[in-house]
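Right, one structure below, let's go through it.
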Amino acid sequence: MHDRSCDQTWSAQISRIFYRIRQFLRGFGAQVTAQEWAVVQAWLSPPEQALFLRMPSDAQHHSLEVLRTLALKAPVPGELGVAALLHDAGKVAARDAGAYLGLWMRGPIVIIEALTPTLLDELGSPVPSGSLRYALYVQREHPAIGAEWARQAGASELSCWLIEHHQDKQVCGSIAQQTLLARLQWADGRN
């Protein structure tokens, strides 16, 4: 007898892979326009803007799309807007250490993560270096790294909490926190 749940799981993984391929193609050559920069300036303080500027242009564009998607659905509270713009800032830690975690690598890493979630944990190393192992570690830990950087830039505790948990499947928090986190994850998942 054929197990339909396996087909659904496999179908979901294939769908996620194609989604990531489309995301890669959108990010390739993405640039932040003057109009988009005005949006960033309206949402972020100067230290937060400096953190945003450290991200590669495809990540900046992605973050702006997350914010835009949120705004299409409902008004965006300030803390959620900051988190939308800075949720992937921690990925810059790889570049800071000399490891490559650019657009060409992030797509395949996300596909590997979708197919074998524990593999990145096994291969990653928290020792800052220019190695692939450190890049894999940053891919997994960028929410915590980014939350700490946002905290240092003066972001609110709620924004930092949202950044830190933006990839978590189950989180303990207030109903308000969980509601905002669900919105951020929903918008991130569509971009």
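Calculate the tail of P(r) for region 4-189: the fraction of all Cα-Cα distances greater than 23 Å, expressed in %. Percent of Cα pairs beyond 23 Å in region 4-189: 42. Fully extending the segment from residue 112 to residue 53 would add 18.4 nm, taking 0.36 nm per residue of separation and subtracting the current Cα-Cα distance.
Working ranking of peptides 138-148, 164-174, 179-189 by packing, defined as the average number of other Cβ atoms within 10 Å per residue, highest first, is 138-148, 179-189, 164-174. The simple spin-label model puts a point 7 Å past each Cα toward its Cβ; for residue 178 and residue 45 those points are separated by 3.0 nm.
By other beta-carbon atoms within 10 Å, ranking 80, 162, 119 with the fewest at the front produces 119, 80, 162.
Under 15 Å from a label point set 7 Å out along the Cα-to-Cβ vector of residue 122, the amide N atoms of region 93-112 belong to 112.
FYI, it's all coordinate maths here, none of it is from the lab. The structure displayed is predicted, hence computed values, not measured ones. Note: ideal-geometry Cβ built from the backbone for every residue, glycine included; neighbour counts use all protein chains shown.
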